[in-house]
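Participant: There's a structure below that I have some questions on.
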Number of protein chains: 2
Amino acid sequence: MSTILVTGARGFIGRTLAVQLSRSDNAVVGIGHGSISQPRYHSFGLTEWINGEIDHANLQLIQRRCGQIDSIFHLAGGSHVGRSFENPAEDFLRTVVAAGQLLEWVRLTCPHVPIVIVSSAAVYGAGHIGPIAEDARLNPFSPYGTHKAMLESLAKSYCDNFGLRIAICRLFSVYGEGLEKQLIYDLCCKAETVQKNNLDTLALGGTGNELRDWIHVQDVAELLQQIHPACSEACPIFNGGSGTGVSVSDVASVFTKSWGGELKASFNQQQRSGDPKSLVASTHRLKEIGFAPKIDLASGIGRVIESFRSKNAESC
Amino acid sequence: MSTILVTGARGFIGRTLAVQLSRSDNAVVGIGHGSISQPRYHSFGLTEWINGEIDHANLQLIQRRCGQIDSIFHLAGGSHVGRSFENPAEDFLRTVVAAGQLLEWVRLTCPHVPIVIVSSAAVYGAGHIGPIAEDARLNPFSPYGTHKAMLESLAKSYCDNFGLRIAICRLFSVYGEGLEKQLIYDLCCKAETVQKNNLDTLALGGTGNELRDWIHVQDVAELLQQIHPACSEACPIFNGGSGTGVSVSDVASVFTKSWGGELKASFNQQQRSGDPKSLVASTHRLKEIGFAPKIDLASGIGRVIESFRSKNAESC
């Protein structure tokens, strides 16, 4: 049995990953912000949950409680482009400083332990056309993107200079059941409200032409596990996307068909800050490791709608 | 009269800069690590000295004591490539985390204040041949270099996203009277010891062929002031060097001539980690702002030797 540490295990991707990891013969330990009852964290597949900062003291505590860690998935960090403009220092702390603590602890206590680090396609920023390869120029367009790029630099330094074994995954537009933010959830909330009021138009920000690469959270959780054996001193980087760019207006079309009724989307035509026009993954390296997503966008959106309707939608 | 904050004002370059700034009609305030008596910090040209971390509380304290800050020179940070291998977390704190605190404080309290940030040619790392332009690929070769590159990314993010006005200076091999480390000081110590023992060989690490770009600390202090008007949202970057590459063995030759007696240097032929073969500045941008160093290497080495001899050399 392996003991696996998942940082940010209470987050959207962290929960999904923890559940998947716990189905194999693993003890999965989580750390991150937020109080969770034991039955609830057990339902995420976690044997232990530490509510707190990722720092030396808490990491030591985990090791004392759970014994030697065999693998780490580092998912903790800033998770909102918008909030990184409102409070860049908080995003910096969560993404850069926390990673510094984790990497240093690994260097000092268990330098052989492989670490899969989750970064973001936001490191690519604006100005890219077509699928973006992992060696493309980085031009982050937000504090969030800058901090993820800094996290990657720090990880590479710990590989180059101290022999840590790391692989980085730059996630594109992750969606799925349980994510209570971003486009597809917003569409659910808006559709619910619009239909309650006997209206038919979903009013959305942006131009609708923004191209994004959508990947379902279940596929992401599998991808992170598939990347795990690639952890090495070379610090390889993998895009986490499907390779297909779909415009926001096309997502809205798929959504409205799946939702039912006579809905249409309108866009305010204003580009948002921190919002590049095109972010689509080159999947060359993913093909090399034999990864392909299993859940296509239409099925994924269908699952999100079903899950949304099965819950109380009053929270919108 | 302007009020100028110099972080790291107790350091080798910070002291020299503070003295120069105080000669014009400026109140110069310093912050950094180390207890200094009032007469001593007055001798550095400082009106105030805060012994402590660069954090929000200390920066607020400075503002309460000294009023509105008009300009900032940010020199605090890790200053030893070697120590960054021994204790990367400390170097990270000093270079990356401290800069995060400073930039956030400026954003929140005085976003119009120009900041000159001192970085290092270590961001370029290995693999460069000939003069390195500021837009060259960064490939840091040590935690020290990585952390300086992260500092630069963070500064650029605060310019791009929050309109801060910054200019960055990547310093090459700075030397001068009072620097009690690195090649030229080591040569002084070794020459002293060798002659005391009636020997003639200065034993040095490396191959002797390492090319470095030497710039005297007085020239650096002038350069930082000359860069100051360039602070802008575009976050321009300037090399801080002379544009001339001189090998370590040639430095040793200039030194032994200047020192006197029958000395020669020998090299152990081992390349040190974190030690690129060639680090020489392209001075294209420096010429654009009309900067040229005034102190040539032979005169500079002469000054270091004179200063070394006038002090008690027992500390070697």
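Participant: In segment A:33-51, which residues are modelled with pLDDT of 95 or more and either of a type in the set (G, A, S) or not assigned by the TED database to the domain that holds A:L102 (or both)?
Facilitator: none
Participant: Would you check which residues across segment A:191-209 are under 21 Å from A:E180 (Cβ atoms) and in contact (Cβ under 8 Å) with a residue 40 or more places away in the chain and list them?
Facilitator: A:A191, A:E192, A:T193, A:V194, A:Q195, A:L202, A:A203, A:L204, A:G205, A:G206
Participant: Let me ask another. What number of residues within segment B:55-79 are within 20 Å of the chain's Cα centre (by Cα) and either β-branched (V, I, T) or within 14 Å of chain A (Cβ to nearest Cβ) (or both)?
Facilitator: Counting residues in segment B:55-79 that are within 20 Å of the chain's Cα centre (by Cα) and either β-branched (V, I, T) or within 14 Å of chain A (Cβ to nearest Cβ) (or both) gives 2.
Participant: Determine which single condition B:E210 fails, assuming it passes every other condition in (1) within 14 Å of chain A (Cβ to nearest Cβ); (2) in contact with a helix residue (DSSP H, G or I) (Cβ under 9 Å, 6 or more places away or on another chain).
Facilitator: B:E210 satisfies all of (1) within 14 Å of chain A (Cβ to nearest Cβ); (2) in contact with a helix residue (DSSP H, G or I) (Cβ under 9 Å, 6 or more places away or on another chain) except (1).
Participant: Tell me, please, whether a residue that is within 14 Å of chain A (Cβ to nearest Cβ) and of a type in the set (A, V, I, L, M, F, W, C) can be found in segment B:226-239.
Facilitator: yes
Participant: Which one of these is modelled with pLDDT of 95 or more and within 17 Å of A:L171 (Cα to Cα): A:V123, A:V81?
Facilitator: Going through A:V123, A:V81 in turn, just one is modelled with pLDDT of 95 or more and within 17 Å of A:L171 (Cα to Cα): A:V123.
Participant: Of everything in segment A:62-86 that's part of a loop (DSSP other than H, G, I, E, B) and among the hydrophobic types (A, V, I, L, M, F, W, C), which residue is surrounded by the fewest Cβ atoms within 10 Å (Cβ to Cβ)?
Facilitator: Among residues in segment A:62-86 that are part of a loop (DSSP other than H, G, I, E, B) and among the hydrophobic types (A, V, I, L, M, F, W, C), the one surrounded by the fewest Cβ atoms within 10 Å (Cβ to Cβ) is A:I69.
Participant: Considering only residues that are touching a residue at least 40 places away in the same chain (Cβ under 8 Å) and part of a loop (DSSP other than H, G, I, E, B), which ones fall in segment A:47-61?
Facilitator: A:E53, A:I54, A:D55
Participant: If you scan segment A:245-270, which residues turn out to be in a loop (DSSP other than H, G, I, E, B) and either touching a strand residue (DSSP E or B) at 6+ places or on another chain (Cβ under 9 Å) or surrounded by 13 or more Cβ atoms within 10 Å (Cβ to Cβ) (or both)?
Facilitator: A:L263, A:N268
Participant: Here are some residues: A:L164, A:L102, A:L199, A:L187. Which one is surrounded by 24 or more Cβ atoms within 10 Å (Cβ to Cβ), outside the structural domain of A:E53 (by the TED database) and not β-branched (V, I, T)?
Facilitator: The unique qualifying residue is A:L187.
Participant: Among B:A122, B:A99, which is hydrophobic (A, V, I, L, M, F, W, C) and touching a Gly at 6+ places or on another chain (Cβ under 6 Å)?
Facilitator: B:A122
Participant: So, in segment A:220-244, how many residues would count as being in contact with a Phe, Trp or Tyr (Cβ under 9 Å, 6 or more places away or on another chain), part of a helix (DSSP H, G or I) and buried (at least 23 other Cβ atoms within 10 Å of the Cβ)?
Facilitator: Here the count works out to 3.
Participant: Okay, moving on. Please determine, by comparing only the residues of segment A:93-148 that are among the β-branched types (V, I, T) and within 12 Å of another protein chain (Cβ to nearest Cβ), which one is farthest from the chain's Cα centre (by Cα).
Facilitator: A:V106
Participant: Could you tell me which of the residues A:A9, A:A89 is closer than 24 Å to A:H147 by Cβ, assigned to a loop (DSSP other than H, G, I, E, B), at pLDDT 95 or above and not β-branched (V, I, T)?
Facilitator: A:A9
Participant: Right, something else. Within segment B:122-137, count every residue that is surrounded by fewer than 18 Cβ atoms within 10 Å (Cβ to Cβ) and either of a type in the set (A, V, I, L, M) or touching a Cys at 6+ places or on another chain (Cβ under 7 Å) (or both).
Facilitator: 4
The values are calculated or read from the model by the stated rules, or taken from the named source; none is laboratory data. Please read these numbers as outputs of a predicted model, since none were measured by experiment. Note: ideal-geometry Cβ built from the backbone for every residue, glycine included; neighbour counts use all protein chains shown.
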